Structures are given as C-alpha cells and as structure tokens.
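A.B. asks: Before we start, here is the structure in question, set down as structure tokens.
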Amino acid sequence: MGERIELPQGTLDLLILKTVALGPQHGWAISERIQQVSSNAVQVQQGSLYPALHRLERRGWIKAHWGVSENHRKAKYYDLTRSGRKQLAADTQAWRKLSAAIGQVLDTVQEGKPC
Amino acid sequence: MLNDLRYRVRALFRRSAVEGELDDELRFHLEQQVDKHVRAGMPRSEAVRQTRLAFGGMEQVKDDCREARGLAAAETLLQDFRHALRLWGKNPGFAVAAVTAIGLGIGANAAVFTIANAALFKPLPYERNGHIVYILGAQPGCELPCDSGRSYPDFREFRAQAKSFEALVAYHFAPVNLSDASALPERYRAMRISANGFAALGQQPVAGRDFIPADERPDAAPVAMLAYAL
C-alpha cells in the first residue's frame, strides 16, 4: 500500500460524483473504485463515505435505487442525476483551476528568494 | 430544492423505513469488505474483526448519515422532548418549581412589556401624530423639563403670534368633585382645555357638540365634556 493522502474538504463529493458518472455503483464499490483508480493513494473512510452519499442524494445530485449485487445480495446503487452531471462538470473545472493556481503559487515560492 | 424537501420529509416521516435501509446499506458494505478479506486469504473471524475496526463506530456513522439527510435537528428535538418528559415524571416537584418559575418570569415580562409598549412605543392614536409637539417654557434656575406652565393671557398672545403651528392648545389639570342625590361626592380627574383642543387632535365628541371659540369668552356659560369612562 503506497502513501495515503488525506482528502481536502469537499473533494470526496467530487470523487464520488466522478465515480458514479461511470455507471451506477453501490457504496462499497465506490470506495473500492476510488482506492484502485488513485493507486491506493486515496482511501475513503466509510465514516465519511456514507454521510457524503446521503448528502449528495439529498441535494439531488445522485439518486439511489435498490438492486441486486454481483453476488446476489440486495444493494443500494447510486446513479448520477442530470443536475449531478452539471455539478460534476462545474466542480471538476473549479478543482482544476484551484490546483493549477496552487501549483503556480508553490512553484513561484520555490524559485523566488526568501525575504 | 423540491428534491431536498421530498427527501427530508420522507426521512422524517418514513423514519423506520429509512433507518432500515441505512442498516441494510451499511451491513452490505461490511459483508462486501469481509468477503474481500476472506478472498485474500484471511480467516473469516479475523476478517470480521478487521472490517469492524476499519469501519469505526457504527452508531457514529449512522448519526452522520442522519445529519447528512438533514433531519438531525428535528430528531434531536424529539429526543430532547422525550428526555425532558421522562425527567419530569421522575421528579415532579422540580418540574412544578421549574414551570412556576418560568411562568412567573414570562408573566412578569409580558406585563412590563405591555405597559412599556403602551407608554413608550405605541404612537398616539391621532392622525399625523408626528406633528404634535409639547411646548415647554424655560425657567431661570431650573433645568428642562421644568415648567410651571403659562398663564392664559400668555397663551392668548402665543396663539395670536405663533405662525409655525396649525393650532395651539392649552390645558390644565383641575380635579373636580362630582356628586348626585344617591351617593357621596367623588373626586375625578378633570382638565380645563382651550376650546380648540379636540378639534386640533381631529377628535369629535360621540354625543353633543364640541367646544366652540365662544365658550372661551369670560361671560360664556360653563360647558363640560364627559369622558366615556364616566
């Protein structure tokens, strides 16, 4: 397992939206998927995953339905809604802007002379 | 917005269903995680232990989910009410004392506010009440508000010369004794007022006639107006 990263506030919502955008998933699969795709760098704590899912559902960005899992068990699947798709696009853009800006600032500080 | 409301309403009123779903959802997660460990070669009991450990406090997670659903406030309130009722049942003496104390406190506040509201905040019940002013004279050696009043001749001079007012009214408290054949005399608050007093405030007597300027003449017959309370 590589080094783990603490998720900054609000980024978990973005990761969840992105993950369910690829197709309906249940909570466990969402956390597994995020972990895999981030090469184990991001590990989603269940303690924050489920509250986040319920919060996103309340906002109408994802909707839930009960289905049957691959191993024939009843599971709650989450799917992206139309407004969730909009939110994902907006959040992705905002995140890219923010991380680019932060990267820029950090690089400048490294190159400049300390006062 | 509508979605949010629908979601919350369902969460509040279909509480047992929503709670059951939450239980199912979290149990499914635990089972999946245990299966994953078992597939990786862990003994089942160890897998369950590991999974529970990683999951953290189940009740905490559920609480956070409830909060995320946006009904934590309503639920907490209900819980508090139940808790309060139970405590009352256990300790009725204290409950009575507390209710009495709060009741008295609210009552006293309400009474004081009623008086303060009538005296300080409510405007006078007259048209254009913002235009009504009270004129005081200054007196040497006495700070305002301090005025023993103006004489009637002074008032007549003011009325003749002051151009800034639509009307000038003079009054003077003069208690009177009233009696009739059947009862002892009683003392009442009464007031002498210039003939234009009620007209200036836009008030009309309910019965009879208002004072007229002729009533102010020294040789005029005495006239009086009775308040409704009398």
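We did not get these values from a lab; they are worked out from the coordinates using the rules stated. In this text, all values refer to a predicted model and were calculated from it rather than measured experimentally. Heads up, the Cβs are rebuilt from the backbone with ideal geometry, glycines too, and the neighbour counts pull from every protein chain shown.
A.B. asks: Can you name the number of the only condition in (1) of a type outside the set (D, E); (2) farther than 15 Å from A:S31 by Cβ; (3) crowded, with 17+ Cβ neighbours inside 10 Å that B:L26 fails?
C.D. replies: (2)
A.B. asks: Let me ask something else. Return the residues of the range B:207-223 that are under 15 Å from B:R192 (Cβ atoms), outside any helix (DSSP H, G or I) and not small (G, A, S); say none if nothing qualifies.
C.D. replies: Those that are under 15 Å from B:R192 (Cβ atoms), outside any helix (DSSP H, G or I) and not small (G, A, S): B:F211, B:R217, B:P218, B:P222, B:V223.
A.B. asks: Which residues, counting only those in the range B:171-195, are surrounded by 12 or more Cβ atoms within 10 Å (Cβ to Cβ) and touching an Asp or Glu at 6+ places or on another chain (Cβ under 9 Å)?
C.D. replies: Scanning the range B:171-195 gives B:L178, B:S194, B:A195.
A.B. asks: Another question, if that's okay. What are the residues in the range A:68-84 that are more than 11 Å from every other protein chain (Cβ to nearest Cβ), exposed (fewer than 13 other Cβ atoms within 10 Å of the Cβ) and among the charged types (D, E, K, R), if any?
C.D. replies: A:R82
A.B. asks: For a quick check of your reading: which helices (runs of 4 or more DSSP H) sit entirely within the range A:1-58 and have at least 3 residues that are away from chain B (no Cβ under 14 Å) and out of contact with any strand residue (DSSP E or B) (no Cβ under 6 Å at 6 or more places or on another chain)?
C.D. replies: Fully inside the range A:1-58 and qualifying: A:11-21.
A.B. asks: For the range B:68-106, how many residues are touching a Lys or Arg at 6+ places or on another chain (Cβ under 9 Å) and either assigned to a helix (DSSP H, G or I) or more than 27 Å from A:K63 (Cβ to Cβ) (or both)?
C.D. replies: Residues in the range B:68-106 being touching a Lys or Arg at 6+ places or on another chain (Cβ under 9 Å) and either assigned to a helix (DSSP H, G or I) or more than 27 Å from A:K63 (Cβ to Cβ) (or both): 5 in total.
A.B. asks: Can you pull out every residue in the range B:49-65 that is surrounded by 11 or more Cβ atoms within 10 Å (Cβ to Cβ) and more than 8 Å from chain A (Cβ to nearest Cβ)?
C.D. replies: Those that are surrounded by 11 or more Cβ atoms within 10 Å (Cβ to Cβ) and more than 8 Å from chain A (Cβ to nearest Cβ): B:R49, B:Q50, B:T51, B:R52, B:M58, B:K62, B:D63.
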